[in-house]
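Here the structure comes first, spelled out in structure tokens, and everything after it is commentary.
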Amino acid sequence: MNRYILKGGTILTFDSSHPVLEQAEILIDDGYILQIGSEKSFPDEVCERIDVEGKIIMPGLINAHHHFYSTFVTGLGKAAPAKNFNAVLENLWWRLDKKLLSEDNYYSALISILSSIRKGTTTIIDHHASPFAVKGSLSQIAKAVQETGIKASLCYEVSDRDGDKIAQEGIEENYNWIKNCQNNPNPYLKGLFGLHSAFTLSDKTLSIVADKVRELNCGIHIHTAEAESDEKYNLEHYGKRVVERLSDFNLLNNKSILAHCVHLSPKELILVAEKGAAIVTNPQSNLNNAVGIADVCKMTELGVTVGIGTDAMTNNMLEEVRVGIWAQHLKQNDPSRGFVELASALVFNNPLIAQKYWGAKFGTINEGSPADIIVVDYIPHTPFNEETWMGHLIYGISQANVEATICQGKILMWNGELLLDIDEQEVKAKARELAEKLWDRF
């Protein structure tokens, strides 16, 4: 079904110039929104008309920082208790990623994507690590992306923590993946140059990466000052704060994503804004790891584009943004602050970030936008208009069921049922088998 009309619903466009469209119809053709008109705008169109009367139509959600491989941690209780963030890395994540095999990379991505489709996410910016299964790891994840029909930007996290050989493999994996994306462009897969964090990267490695980034004209995707220990390490060993060090290697540009940024100074935030890089906050992860609450209000005041991701704590973007709002109330010690900043991170800034890789109008419902759309079963019980829609999104729509998920015009889920050529139960059975073996190796 390449050409069809969605009719009867109320549209949230995620475009501030016209955020709500009542009783509009969307003509979709060959994966894109060809035209949006008022009710009965296309009487002569000979194509299927899908009635979503009484539903909310809105753009597919974007997760701007995620880790597919974290899927296999659900229920794992083997990690020793951690009293600080570095211990979390050493006791859990750096033990886990060393044990990942190629098949784990594929199935963990597949499980996470299927859950994301059910929650209305159609685009994921992922950050991968499997130090003893580096080569081809991004292609394995890409296979899961292509089989499920969503969109993703992939990268491999380069780090010196496992030695020079594995660091070089990570550099090559990023380089080859980005080259492949550039040489074989398609609307589903993109690439960034992944880095773990400045405290696990030597100047030598950063210099090599900087040359590759310049050659590829790409951005980086890096964890930045997630914990205060990142800043302390860089000051003690290099005499510079994290963002200053990255900037000295010309690694900050308008395609770069800095995840977390809980402990950046105002000077660093200004530098991020000047370079045009984006910050992606991950509130649930930061609270879970007790590293602090990013000052999203200050970031916004200083002109930084702030998006939001889940860091794999959830596949539910609306859950994530709600937690982010409550956390920002606490950070500001003011329940009137943080709502607009966090809601805007999801509905306006995540699209802006994704547009750097996928092009204009991505993440919105406009004529010419990719047809990445979700349908939510939500009937407002209070006035719903251009002044109130954001409150409905956070307090009402977030609690409703996503009934349909469409990506590039293809219907991936309808009436809550996945319409993919994938046996979900079989996939989950295989995932349990692989997870058990992974846990044994762990």
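Every residue, every condition in (1) under 24 Å from N415 (Cα atoms); (2) over 26 Å from the mean Cα position of the chain (by Cα), yes or no:
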| site | (1), (2) |
| --- | --- |
| N2 | yes, yes |
| G9 | yes, yes |
| T13 | yes, no |
| Y32 | yes, no |
| P43 | no, yes |
| R49 | yes, yes |
| I57 | yes, no |
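Just to be sure before I move on: is F85 within 23 Å of H223 (Cα to Cα), crowded, with 24+ Cβ neighbours inside 10 Å, assigned by TED's automatic domain parsing to the domain that holds L192 and aromatic (F, W, Y) in the structure I sent?
no
Can you find a residue that is assigned to a helix (DSSP H, G or I), under 22 Å from G307 (Cβ atoms) and touching an Asp or Glu at 6+ places or on another chain (Cβ under 6 Å) anywhere in the stretch 267-281?
Looking through the stretch 267-281, none of the residues is assigned to a helix (DSSP H, G or I), under 22 Å from G307 (Cβ atoms) and touching an Asp or Glu at 6+ places or on another chain (Cβ under 6 Å).
Condition first: of a type outside the set (A, V, I, L, M, F, W, C), surrounded by fewer than 23 Cβ atoms within 10 Å (Cβ to Cβ) and not in a helix (DSSP H, G or I). Can you find one or more residues in the stretch 347-358 that meet it?
Checked the stretch 347-358: no residue is of a type outside the set (A, V, I, L, M, F, W, C), surrounded by fewer than 23 Cβ atoms within 10 Å (Cβ to Cβ) and not in a helix (DSSP H, G or I).
Based on what the data block shows, is E226 among the charged types (D, E, K, R), crowded, with 17+ Cβ neighbours inside 10 Å and at pLDDT 95 or above?
yes
Pick from the stretch 3-49 the residues that are among the polar types (S, T, N, Q) and free of Cβ contacts under 8 Å to residues at least 40 places away in the same chain: which of them is surrounded by the fewest Cβ atoms within 10 Å (Cβ to Cβ)? So that I can check it myself, show each step before the final result.
Of all residues in the stretch 3-49, those among the polar types (S, T, N, Q) come to 10, 13, 16-17, 23, 35, 38, 41.
With the extra rule that they be free of Cβ contacts under 8 Å to residues at least 40 places away in the same chain, the set shrinks to 17, 23, 38, 41.
Numbers: S17: 6, Q23: 13, S38: 10, S41: 15.
The qualifying residue surrounded by the fewest Cβ atoms within 10 Å (Cβ to Cβ) is S17.
Scanning the stretch 343-382 for residues that are among the charged types (D, E, K, R) and touching a strand residue (DSSP E or B) at 6+ places or on another chain (Cβ under 6 Å), which turns out nearest to I397 (Cα to Cα)?
Here the answer is D377.
What single numbered condition from (1) modelled with pLDDT under 95; (2) on the phi < 0 side of the Ramachandran plot fails to hold for G54?
All conditions pass for G54, except number (2).
For the list (1) over 15 Å from the mean Cα position of the chain (by Cα); (2) crowded, with 21+ Cβ neighbours inside 10 Å, I need the number of the one condition that W326 fails.
Condition not satisfied by W326: (2).
Contact list please: Cβ distance under 6 Å, first residue in the stretch 202-214 and at pLDDT 95 or above, second residue part of a helix (DSSP H, G or I), pairs at least six apart or on different chains.
What qualifies is T205/A167; K212/Y175.
Would you pick out the residues in the stretch 94-140 that are farther than 18 Å from T74 by Cβ and within 15 Å of the chain's Cα centre (by Cα)?
Listed by number, the residues that qualify are G120, T122, T123, I125, H127.
I'd like to know if the stretch 70-86 contains one or more residues that are under 30 Å from I36 (Cβ atoms) and either over 17 Å from the mean Cα position of the chain (by Cα) or assigned to a loop (DSSP other than H, G, I, E, B) (or both).
No, because not a single residue in the stretch 70-86 is under 30 Å from I36 (Cβ atoms) and either over 17 Å from the mean Cα position of the chain (by Cα) or assigned to a loop (DSSP other than H, G, I, E, B) (or both).
With the requirement that a residue be among the charged types (D, E, K, R) and within 20 Å of G324 (Cα to Cα), what does the stretch 259-298 give you?
D295, K298
Results for (1) buried (at least 19 other Cβ atoms within 10 Å of the Cβ); (2) touching a Phe, Trp or Tyr at 6+ places or on another chain (Cβ under 6 Å), shown as yes or no for each residue.
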| residue | (1), (2) |
| --- | --- |
| Y395 | no, no |
| A400 | no, yes |
| A404 | yes, yes |
| Q408 | yes, no |
| M413 | yes, no |
| L418 | no, no |
| A429 | no, no |
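The values are calculated or read from the model by the stated rules, or taken from the named source; none is laboratory data. These figures come from a predicted structure and were not determined experimentally. In this analysis, Cβ positions are derived from the backbone assuming ideal geometry, glycine residues included, and neighbour counts consider all displayed protein chains.
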